[in-house]
Every structure is written in structure tokens, then in C-alpha cells.
1. At 1.4 Å probe radius, can you tell me the per residue accessible area of region 192-261 in Å²?
2. Expressed as a rounded percentage, what relative contact order does the chain have, with Cα pairs under 8 Å and six or more residues apart?
3. Which aspartates and glutamates have a Cα lying under 18 Å from the Cα of LYS218, excluding residues fewer than 8 positions away in the same chain?
4. How many angstrom separate the Cα center of region 93-133 from the Cα center of region 273-296?
5. Hey, any idea what the orientation-averaged projected area of the convex hull of region 167-258's Cα atoms comes to, in nm²?
6. Report the relative contact order of region 93-174, percent, no decimals, based on alpha-carbon pairs under 8 angstrom and at least 6 residues apart.
7. Assign one of three labels to the chain, namely rounded, prolate or oblate, based on the Cα gyration tensor with a ≥ b ≥ c the square roots of its eigenvalues; rounded applies when a/c is under 1.5, prolate when it is not and a/b is larger than b/c, and oblate otherwise.
8. Rounded to whole Å and sorted largest first, what semi-axes of the equivalent ellipsoid does the C-alpha gyration tensor of region 1-127 yield via the square root of 5 times each eigenvalue?
Amino acid sequence: MRHSTLRQLEVFEAIARLGSFTRAAEELFLTQPTVSMQIKKLTDAVGLPLFEQVGKKIYLTDAGRELHQACRGIFEHLANFEMAAADMKGLKKGKLRLAVVTTAKYFAPRLLGMFCQAYPGVDVSLKVSNRERVLERMENNQDDLYILGQPPEGADVVAHAFLENPLVVLAPAGHPLAVEKGIGLQRIAKEPLLLREPGSGTRLAVERLFASQGLQPKIRMELGSNEAIKQAIVGGLGISVLSRHTLALDAATGQLAELDVVGFPIKRQWFYAHPAGKQLSVVARTFVEYLQRAPEYLRDLSCHHAHIGYCPLLGENESMKPSAR
Ligand code: PGA
């Protein structure tokens, strides 16, 4: 193994990740015979087959899976070293791989925009999936940092809250409950409810709230995205509980009403998290420091919601401050 080159491992990693010799060759700007030759040499060094072909698809063998795991570690360490070396030269350079839950897409790209302006040498990739997928990615150590609405229970994870995430009850603007005050949750339980898909953190919070009060909501429909739910509310299919952040930049805001329900907004937080043992890269650590001031940065962005009295990204109290306008 020690005679295998880094290049061979790089070729192997690309094939394992992309599931194809051809795509790996394209990504690495190599010819296919070169790729095959590198893998042959690596296979000879290991002494076991690394891939198996079933029909047109290739799969990792057990040895291949082990080697893939080892490769990820090697390349992560090297990338971290490169970033540390750049840092020593006074440069913030490198890659930031971020995975965020669906609802974080309403603010994470804006924060990233400002971060990239401050650190032009940093390359960012952003994966957006629901809570379940993001937790899977964290378990497989696929990214540098994760943003989610609630850290996983029981897992060995480091998590810190950095921004409020208020959940509110939304109905179509003309809904009879839109003019009522102090509505009880038992009244909401009688309304047709639109719920996010299983695996969503928002859904989990809503289910827990109803269960904690011994109530059974009337689920009208499950939808796989916040945007689809908002459209369904406007379309009169029901009401829903969503993060107030889903109203950011929303042209349909005037068509939705936030109901005044007792116990709402549910005060959740946004957390950044990573597996407990993970060595954060220089770039990831810089981003973590930057996140400490996220509410301030978001406040400095001009907010076109001033006319409705609050900014969905910040909530009532924060958006009343003059700099939010
Ligand atoms: P979701 O997560 O987008 O998967 O619903 C949001 C949250 O956990 O608050």
C-alpha cells in the first residue's frame, strides 16, 4: 500500500464517489485507460478487488468501502493542512462544505454571500436537504458544518445556537381566524393542517407540540417543501405551522396571515453543529466565528418587509430596531 501514490487514491476516491470510471476520468481530466491503469496498480497493491461490476453499474467491495473511508480521512487531513498553511501565510483559503436543513435556505445563502465577500479565497458548497438527510450526512462525516433547527438527541455532536427560529401559524389572508386574538391550540387542531414530509424538523416540532397538549391535529395533506405549503395555504387547502423565515423575500406575504395562537411563535433556535470528534478546518472555524454575529449581519441587510412591521428573518423585536429598515 505504501507504494501506492496519492494520484491512485485520488482516482479511486473519484470513482467511488461518482460511481463511474468515465465520470471520474472527466472530473480529473484524465483518459479512461489512465484511470483503469491507476486502479489496476492500486488493486494489485491492496491484493483484493476494490470494485465489482453488476450489469452496467459498479459497486465498492468490502475492501473498497474500507479504502474509501480511509481516503476521505487522508484527503480531509491534507485539505486541512493546506488551509492551515494558507492561514500561516495570512490568507484564508480553502473549501467550506456546508449542509443545511431545508428551512435554513431562507437565510444561509445570504450569510454565505457576505462571508465569501469577506474571504474571497474561500470556496463554498451548500447542500440543502431535510433534517433526516442532514443527520445522515453528519453521521457519514460528509461536510464541514451543519445547520439545523434542533441538534440530534443522543448523538455525540457539538452544537451551538446562533439565531432565533420562530415557528408561526400561517393561514390565508382572508381566514376568519386572522382577526382573532389569543386563539387556543385546540381550535387550531380543528382546522385542516398542512404538514411537512416525514423527516422534517419543522414537522417534528409541530407533532411534539400537539402531542404535549394531548391534541390530535386534522392533517389534510403532507407536502415536501415550505414553498408548496405556502402555495397550498394561499390556495385554501388549510393552515400550517412554518418557520417565520419561510416568509423572507416572499412576494406572496400579503396573501398569508400569521395567526395569533397562544404559545406561538414556538421559540426555536438555529444551531450549527458537527460530530464531536471532528477537527474543524481553519475555514470552518472562521465561519463559526462569523456565525456568532449572524443576527447583526442579517439586520444590516436592507429588508423589504419593513412595510409589514417586522422582518421574517429577525422577528418583531429585532426588526423594530432602526438598522433593520
Ligand atoms: P426542516 O428543518 O427544514 O427539515 O423542516 C427545519 C428545522 O429543524 O427547524
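1. Numbers: 2860 Å² over 70 residues.
Heavy-atom accessible area per residue stands at 41 Å².
2. Numbers: 507 pairs, mean separation 61.7, N = 325.
This gives 19 percent for the chain.
3. Within reach: GLU191, GLU197, GLU207.
4. 12
5. Details: hull surface 22.0 nm².
The directionally averaged projection comes out at 5.5 nm².
6. Values: 79 pairs, mean separation 30.3, N = 82.
With pairs under 8 Å counted, the relative contact order is 37 percent.
7. Working: a/c = 2.69, a/b = 1.85, b/c = 1.45.
Since a/c reaches 1.5 and a/b is larger than b/c, the shape of the chain is classed as prolate.
8. So the equivalent ellipsoid measures 33, 19, 13 Å along its semi-axes.
The values are calculated or read from the model by the stated rules, or taken from the named source; none is laboratory data. Source: prediction; values computed, not measured. As a convention, Cβ positions derive from the backbone with ideal geometry for all residues, glycine included, and neighbour counts pool all protein chains shown. What goes into the accessible areas is simple: the full protein's heavy atoms, side chains included, and nothing from ligands, DNA or RNA. Shrake-Rupley method; radii C 1.70, N 1.55, O 1.52, S 1.80 Å.
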